[in-house]
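Notes follow the structure.
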Amino acid sequence: MIRNARKDTLIAYVLIAPFVAIYGLIFVYPTIDMFILSFKDAPLIAFGPQTAEWTGLDNYTRLPDDRRFGTAFWNTAYFVLLSVVPGTLVALAIALGITRLSGRLQSLVLALFFLPYILPVSVVYRIWDWTLNFQFGIAMHLFDTLGIDRVPIFKTSTWFMPAVAFVTIWWTCGFSILLFLAGLRAIPAEIYEAAELDNANRWTVFRKLTWPLLWPVTALVLTIQLILQLKIFDQVYLFSVGGRPNDNLVMVYYIYQRAFQNDDGGRAAAIAVVLFMIVIIVSVLNFQLLRLAERKT
Amino acid sequence: MRPALVWLAAALLLLPLLPLIPWAFARGWFFPDLLPSRWSLAAWDYALSPAGGLLPALGVTTLIAALAATVSLALALPAARALGQRSFPGKGAMMLLVLAPVLVPGLAVTMGLQGLMTRAELTGTLAGVTLVHLIPVLPYATLLLAALFSGLDPDEEAQARSLGASPAAAFARVTLPALSPGLAAAWALGFLVSWSQYAPTLVAGAGQVQTLPLLLFAFLSSGRHDIAGAIGLVYLVPGLLVLALASRTLGRGLGASR
C-alpha cells in the first residue's frame, strides 16, 4: 500500500491528541503552575499565584542554609544507598530461585512474593509497627532469643532508616522479581544446555551467562528503584508518627511539611523543583554509567 | 538459591501478613496470647453497618477504579497505536511526556492540582477524584499498549483493507482481537493502580469521597485493628484476583521455557 508521509504524521497527531489534551490539563498544567509558584511567596491554601508576590530566586537561595533541607537531603541519599542495590540483589536472588521450581509451585511462590506489593502503605505500616513493637512485637522475641538488646526501632535515629529500607524492600520487591523473571524467560535454554555439556559449575554459569545476559533488566530495575526511592515519603511519614519526624525528614516529607503543615506553597514548590532536578540528573547519570558497565561485561 | 531457601523467604514474606486474619475475626486479642481467646464476627458487623461505611466505600472505590481504568484505556489506545506503530516528528518528546509522572514527585503535582480543582469546582466530586487518578494510571496503560502495538504486524490490517474492509472494520476484526488479552491486562492494572491511591484521593476528594484506602487508614490510625483487619481483607480481593490470573499466565510461560 502506498503511504503518504504527511498524512501519516497527521493521523499520528490526531491519535495522540486526546491523550495530550487530558494530560496537559491534569498533569502538565499543574506542574507548570507549581514551577511558577516556586518563584513566589504564596500560601497553598486559597492558592493564588495570581495575587502572590514575586520573590525571584529567594525560595531557592534560602535552601543551602536551611537545616531541615540539609537533613532531608542527606536522609534521602542514605535511604537510596540502603534500599536500591540491596533491594535489586534480593529480587534477583529470589527470581533465580523461583525459576528453579517446577511449573505449578512456581506460580504459587511468585504470587506469594507479589502479595505485599498490592497492600496499601497504611497496612504495611501497621503490620510492621506491630511486629517490631518494643513491648510485645514478635520480632522482639526473636531479638531476645538471639541475645540482642531490645530497641524501640522506629524511635531511634540509628535504626530508623535501615528498618524503613528493610520494610520497603519487603513491600516492593515483588515488582522487581516480576521484571527479573521476564528477563530470565528471554534467555534461550540452549545456552544453558551448552554450558552443561561443557561441565560449567553453577557459579560460572551465573557469572558468565546469566549475569551478562540479564544485565539490561538489572539496569532497568536499578533505574526504576533509584527513581522510586528518591521520592520516598509515605513509609517515612507513617513510621515517624510519635517519633522524631524532624530527624527522619526526607525530601518529599519536607515538601509535605512546607506545603500542608506550614502552608508555605512557594518554598514547598522550590524544594519540589530541586528534587525533580535531582531525579533527572541522577537517573541520566545512572543510565550512562550502566551503559558503560554494559560495554565492559 | 535452593528451593528450600525460596520457601523460607516466602514464609518470611507471608508471616507479617497473617495478623490481618485474627485481627478481623478476634474478640479481644491480648499479649501474650499467641492466638485470640475468642473469635467473633463483631468487626464485620460493624464494618458492614451504616456507621462502618464499608459498603458505600466499596461501591465508590469500585466505580472510580472502573471509570479510571476505562477512560485511560480509551485515551491510551489511540495514543499507543501512534507510539507503537508509527514514527512522527516529536515522538521522543511524546514518550518523555508519557513517562514524566514517574519522574515528577506526585505530591508536587497534587499541590498544583489543588488550585485547578478548586477553580473548576471539581473538589470533592467523583469526577474530580477519577480525573486525578488518571495521572498514575495513564502511563501504565499507554506504555503497556504501545509495547503490544509495536509487536503487532501492521501488514495484517493492511491485508484486511485490501480485501475491502473499512478502516474501522479492519481495526475491530483484526487488530482488536489480537490485542484483547493485553487490553484486559491493561484494564486490570489500571483498576488496581486507581484502587490503591491514597494521597490524590484525599486532596481531590477533600474528605467527601471516601474510598477504601481512606476508610482503612481512618480505622488504622484510630487503633481499631479489628475493623481495619476486616476492611484490609476486603481491600485485598481484587488484587488477589488479578494476581491469580496473572501468575497463572506468567507461570505457564515460565514452565514452558525451562
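Overview of results
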quantity	calculated
Any hit, the range A:211-232, residues being of a type in the set (S, T, N, Q), out of contact with any Ser or Thr (no Cβ under 8 Å at 6 or more places or on another chain) and more than 10 Å from every other protein chain (Cβ to nearest Cβ)	no
Condition broken by residue A:230, with the remaining ones in (1) more than 30 Å from residue A:100 (Cα to Cα); (2) within 12 Å of the chain's Cα centre (by Cα); (3) surrounded by fewer than 21 Cβ atoms within 10 Å (Cβ to Cβ) satisfied	(3)
Yes/no for residue A:280 being open to solvent by 30 Å² or more (accessible area, probe 1.4 Å), modelled with pLDDT of 85 or more and assigned to a helix (DSSP H, G or I)	yes
Residue, modelled with the highest pLDDT, within the range A:1-14, restricted to residues that are more than 9 Å from every other protein chain (Cβ to nearest Cβ) and outside any helix (DSSP H, G or I)	A:4
All positions within the range B:185-223 that are open to solvent by 60 Å² or more (accessible area, probe 1.4 Å) and part of a helix (DSSP H, G or I)	B:187, B:189, B:202, B:221
Residue within the range B:152-165 that is farther than 30 Å from residue A:271 by Cβ and either of a type in the set (Phe, Trp, Tyr) or in contact (Cβ under 8 Å) with a residue 24 or more places away in the chain (or both) present	yes
Condition check for residue A:207: within 12 Å of chain B (Cβ to nearest Cβ) and either outside any helix (DSSP H, G or I) or basic (Lys, Arg) (or both)	no
Those helices (runs of 4 or more DSSP H) lying entirely in the range A:53-129 with at least 1 residues hydroxyl-bearing (Ser, Thr, Tyr), at the interface with another protein chain (Cβ under 10 Å from one of its Cβ atoms) and touching a residue at least 40 places away in the same chain (Cβ under 8 Å)	A:67-99
Where residue A:161 falls short, out of the listed (1) over 23 Å from residue B:18 (Cα atoms); (2) more than 9 Å from chain B (Cβ to nearest Cβ); (3) open to solvent by 30 Å² or more (accessible area, probe 1.4 Å)	(3)
Residue count for the range A:15-40, restricted to those that are in a helix (DSSP H, G or I) and either more than 7 Å from every other protein chain (Cβ to nearest Cβ) or over 16 Å from residue B:80 (Cβ atoms) (or both)	17
Count of residues meeting criterion [over 14 Å from the mean Cα position of the chain (by Cα) and not aliphatic (A, V, I, L, M)] in the range B:170-215	11
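The values are calculated or read from the model by the stated rules, or taken from the named source; none is laboratory data. Values in this document were obtained by computation on a predicted structure and should not be read as measured data. Quick reminder, even Gly has a Cβ in these numbers, built from the backbone with ideal geometry, and neighbours come from all protein chains shown. We work out accessible area using only protein heavy atoms, side chains counted, and drop any ligands, DNA or RNA first. Shrake-Rupley method; radii C 1.70, N 1.55, O 1.52, S 1.80 Å.
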